[in-house]
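Student: Mind looking over this structure? Questions follow.
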2 protein chains.
Amino acid sequence: MKADERRELVLRAATQVFGERGYVGTTTDAVAKAAGVSQPYVVRIFGTKEALFLAVLERALERLLMAFRTALAGDADAVTAGEPGESHHRIGAAYAELLSDRGLLLSLMHGFILGSDPEIGARARAGFLQVYRFLREEAGMSPDEVHSFLAEGMLLNTLVGLRMAADYDRDPAARELLDTALPTKLDFLLSLEP
Amino acid sequence: MKADERRELVLRAATQVFGERGYVGTTTDAVAKAAGVSQPYVVRIFGTKEALFLAVLERALERLLMAFRTALAGDADAVTAGEPGESHHRIGAAYAELLSDRGLLLSLMHGFILGSDPEIGARARAGFLQVYRFLREEAGMSPDEVHSFLAEGMLLNTLVGLRMAADYDRDPAARELLDTALPTKLDFLLSLEP
DNA sequence: GTCTATACCCAGATAGAC
DNA sequence: GTCTATCTGGGTATAGAC
């Protein structure tokens, strides 16, 4: 297998593991096992564990923005065709779609709360602002709309991180909360639980 | 010094460090140094690092609910006195107040995204639902109101975790975002940055 | 391009003195 | 109650073979 393919393979595996256990909690060995390669080889490809995590963040942000752009483009088509959908509905749906890659959003989330780390924090802040600017400038949302959208997103991320769906039919409060927060996409989210 | 005082002292220090570096990223030695005691003594008091973190979560949730209850009580007084304030405004203000203890909210946040951990995840979910029930039952919010309140809270936590305020006067997007998300309390938040 | 073997360090926990 | 000294495990990174 070529270097680029292996790299992408490892990045995919790393995204899952980092999302599950966080930056520090993840061992390069766990990533290696998930990718089916040896631990030293993971290090060899990326240099250090930190560089690997930064690459994961990079890729996650690319994918996030890509998904939003696609949703936005589909929206333009819909508008042209005289259909009702508005930008932020489409983009919101795109975000819900991303929940399927739990590792992607959770890896980002783990990066977000490590703001005091010199390298990771800097990249995480820049990434968050990149998303902010996209929503403001390309998606044309107002500051208040972006604010609500991001708040909604952070709650969804947190609920996914909490594995709240595991309590869906064990606790009425969990059920009510999830029903309110995820009017659609709920059955899908529940299907992710073990 | 008595055991209880030391315990509280260490818990306070631990809350700060866990909030900064997360559960796995925190060493018991860093906590010990922050508390001014020896590393083995920290372990001695709580048994294990995990037990220490669980105690930090416990204490953080207690304080959070305490702050909400106090706000709610003040609200009842205000209502009696014929003043305008509504429950969720007061409670929202109480939450903003809590931002002063960055470690408290961030330790909770770190717990929230470790939902897959058997012990920590279980406690974090239970704690989150405890807050949910308080807002529904004691504060009398509707499901939608709780949902919005929690979304807002998760965004604030994330912005604090990101140290977004550090970019306030370096990046117009950061400024706009913080101005929107924190109409009040902003100067205070900024004063926390190094 | 990928592995095995291993060096080295660091962190959590224990033993035991004061 | 609190410390110093230390054992032990596990994790990143390197060396070097194939």
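Computed from the coordinates by the stated procedures, all read-outs in this text should not be read as laboratory data. Keep in mind the model is a prediction, meaning the values are calculated, not measured. Positions of Cβ are generated from backbone atoms using ideal geometry, with glycine treated the same way; all protein chains shown enter the neighbour counts.
Student: Exactly one condition in (1) loosely packed, with under 15 Cβ neighbours inside 10 Å; (2) within 21 Å of A:LEU105 (Cβ to Cβ); (3) not aliphatic (A, V, I, L, M) is false for A:HIS88; which is it?
Tutor: (1)
Student: For segment B:1-21, name all the residues that are in contact (Cβ under 8 Å) with a residue 40 or more places away in the chain and away from DNA strand D (no atom under 12 Å from the Cβ).
Tutor: B:LEU11, B:ALA14, B:THR15, B:GLN16, B:VAL17, B:PHE18, B:GLY19, B:GLU20 - these are the residues of segment B:1-21 that are in contact (Cβ under 8 Å) with a residue 40 or more places away in the chain and away from DNA strand D (no atom under 12 Å from the Cβ).
Student: Further question on the same structure: For B:GLY115, only one of the following conditions fails: (1) in a helix (DSSP H, G or I); (2) more than 12 Å from the chain's Cα centre (by Cα); (3) within 18 Å of B:MET154 (Cβ to Cβ). What is its number?
Tutor: Of (1) in a helix (DSSP H, G or I); (2) more than 12 Å from the chain's Cα centre (by Cα); (3) within 18 Å of B:MET154 (Cβ to Cβ), only one is false for B:GLY115: (1).
Student: Moving on to the next point. Of all residues in segment A:22-44 being surrounded by fewer than 19 Cβ atoms within 10 Å (Cβ to Cβ) and within 11 Å of chain B (Cβ to nearest Cβ), which is nearest to DNA strand D (Cβ to nearest atom)?
Tutor: The residue in question is A:THR27.
Student: Moving on. Need pairs with beta-carbon distance below 6 Å; first residue within 9 Å of another protein chain (Cβ to nearest Cβ) and under 19 Å from B:THR48 (Cα atoms) and within segment B:108-120, second small (Gly, Ala, Ser) and surrounded by fewer than 24 Cβ atoms within 10 Å (Cβ to Cβ); sequence gap 6+ or separate chains.
Tutor: Taking only residues 6 or more apart or on different chains, the pairs are B:LEU114/B:GLY121.
Student: Using the structure shown, decide if A:ALA94 is surrounded by fewer than 19 Cβ atoms within 10 Å (Cβ to Cβ), among the hydrophobic types (A, V, I, L, M, F, W, C) and out of contact with any Asp or Glu (no Cβ under 7 Å at 6 or more places or on another chain).
Tutor: It is false that A:ALA94 is surrounded by fewer than 19 Cβ atoms within 10 Å (Cβ to Cβ), among the hydrophobic types (A, V, I, L, M, F, W, C) and out of contact with any Asp or Glu (no Cβ under 7 Å at 6 or more places or on another chain).
Student: Condition (residue is out of contact with any Cys (no Cβ under 8 Å at 6 or more places or on another chain) and on the phi > 0 side of the Ramachandran plot) applied to segment B:26-37: is it met by at least one residue? Explain how you work it out, then say what you get.
Tutor: From segment B:26-37, those out of contact with any Cys (no Cβ under 8 Å at 6 or more places or on another chain) are B:26-37; that's our starting set.
Pick out the ones that are also on the phi > 0 side of the Ramachandran plot and you get B:36.
Yes, there is a match, as at least one residue in segment B:26-37 is out of contact with any Cys (no Cβ under 8 Å at 6 or more places or on another chain) and on the phi > 0 side of the Ramachandran plot.
Student: Scan segment A:46-54 and give yes if some residue there is within 14 Å of chain B (Cβ to nearest Cβ), without any contact (Cβ under 8 Å) to a residue 40 or more places away in the chain and either surrounded by 14 or more Cβ atoms within 10 Å (Cβ to Cβ) or at positive phi (or both), otherwise no. Outline the logic, then answer.
Tutor: Let us first name the residues in segment A:46-54 that are within 14 Å of chain B (Cβ to nearest Cβ), namely A:49-50, A:53.
Next, from what is left, pick out any that are without any contact (Cβ under 8 Å) to a residue 40 or more places away in the chain: A:49.
Next, from what is left, pick out any that are either surrounded by 14 or more Cβ atoms within 10 Å (Cβ to Cβ) or at positive phi (or both): A:49.
Yes, segment A:46-54 has at least one match.
Student: Next question, about the same structure. Write out, first by first residue and then by second, each pair whose Cβ atoms fall under 7 Å of each other, whose residues are 6+ apart or on separate chains, and whose first residue, in segment B:138-157, is within 10 Å of chain A (Cβ to nearest Cβ) while the second is of a type in the set (Val, Ile, Thr) and assigned to a helix (DSSP H, G or I).
Tutor: What qualifies is B:PRO143/A:THR180; B:ASP144/A:THR180; B:HIS147/A:THR180; B:MET154/A:THR158.
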